[in-house]
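Here the structure is laid out as structure tokens; the discussion comes afterwards.
The values are calculated or read from the model by the stated rules, or taken from the named source; none is laboratory data. In this text the structure is predicted, and so the values were computed from the model without any measurement. Neighbour counts are summed over all protein chains in view; Cβ atoms, including those assigned to glycine, are modelled from backbone coordinates with ideal geometry.
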Amino acid sequence: MNRYVVLQQLGDGTYGSVVLAQRRDSGEKVAIKRMKRKYYSWDEAMNLREVKSLKKLNHANIVKLREVIRENDTLYFVFEYMRGNLYQLIRDAERAFPEPVLRNIVYQVLQGLAHMHRHGFFHRDLKPENLLCAGPELVKIADLGLAREVRSRPPYTDYVSTRWYRAPEVLLHDTRYGAPIDLWALGCIMSELYTCRPLFPGNSEIDQLHKICAVLGTPERDDWPEGYALADALRFRFPASAGVPLARVVPSASPPALALLAALMRYPPRDRPTAPQALRFPYFAVGAALVLPPPASRARRSAARVEPENVVEHPRSPVVALPLHAAAQPPPLRDRFADILGGEVVHEAGGSPAPLRRVEAARGRSVLGAPPPAPPAAAPPPPRHARALPGGAAHAYLSAARYVTGSRIDTSLFRPLPLRAHRGTLEH
């Protein structure tokens, strides 16, 4: 550790604290995570999930682990330094970002998730605080302390992820979840990027499920029998709700963005797209240049400056295939998203799922080269048994608290704490 000079404290958590430091020889700034637990051997340290996952994952949109140091039985992780995270970006935004900027952010997160899932890991704790950034131009997935290997055997713990971004199957204490929980979390984050407010700000697991149903509507038993079985085991009854059209919840989102949001937040995990499938949605089938909003002042302009080599222009989305989690594998022939993508996606014949190949629709045009097809409806029709919530679900949801820097959350559902402190009190 004598190779580094500690500059300041960045944060403190349950398992470790993080400081900003600088290398003495090169002057490079790094983030050093000091683990609170003692490690008495290298074997013990190398068996940590975070070490195992980061050793295998090398991608531009996943934070890089520079080195691991064990000194006096204390373990230190040396990471590349990113000066902010998406939560700070959302909190400090003075105006909404244009859609090309948000598209670029979502694209980068999906690229990182696709790489992670392809190499056999899923994150389990995706949230704005764990997406590090250098402004909106460069985003990297961080904090893989809860990451699990897809091939590891369930049951998994149900106490994962910050509640607001927790998938419904995890809220219902399913122990056989998989990579689809990361896609649900990304849907919540994507909505938050557009509206600068959390999509489902529940103050308990039950309240979280009620807020999800208030927006998405009550799930049909025939569509998600596994979810109803989990709910019955907990003696939980889904509230009757017709839901709110996503176009009202995220009014600034384009139809292709709403189509992607609706797909990411489907109740059955098997019905959500994988990260590579999501990258093929018409939302990414554009070639618009990335235009950043003008900074509000010289100070903000200085804070937003990024070195040219770190700027990621909004690219066209490549097709990346990855093996699907066994518990979330789609039907082998017809893809569930063929109506959105304009054709069919099939698996090659063989034992294990092969890379996805595209079967074009009758017009025979590629996804990325063709104009976006007519998007599906922003929200499914109300369930047959659902009835509107008293006072109207739309009014109940759309009156939720918004992010205002330094403000308090003004609603009876929450304790009156500053926003940063409130988020910190959530269970992790």
(message) Quick check on this structure: which one of V286, V215, V244 is of a type in the set (V, I, T), at pLDDT below 95 and buried (at least 16 other Cβ atoms within 10 Å of the Cβ)?
(response) V286
(message) Given (1) under 24 Å from the mean Cα position of the chain (by Cα); (2) of a type in the set (F, W, Y); (3) at pLDDT below 95, identify the lone condition not met by Y107.
(response) (3)
(request) Counting only residues that are farther than 18 Å from D174 by Cβ and touching a strand residue (DSSP E or B) at 6+ places or on another chain (Cβ under 9 Å), give me the helices (runs of 4 or more DSSP H) lying completely in the range 192-264 with at least 2 of them. (result) none
(message) Can you tell me which of (1) surrounded by 15 or more Cβ atoms within 10 Å (Cβ to Cβ); (2) out of contact with any helix residue (DSSP H, G or I) (no Cβ under 6 Å at 6 or more places or on another chain) is the one M46 doesn't meet?
(response) (1)
(request) Hey, could you check the range 37-81 for residues that are part of a loop (DSSP other than H, G, I, E, B) and within 17 Å of M116 (Cβ to Cβ) and say which is nearest to the chain's Cα centre (by Cα)? (result) N61
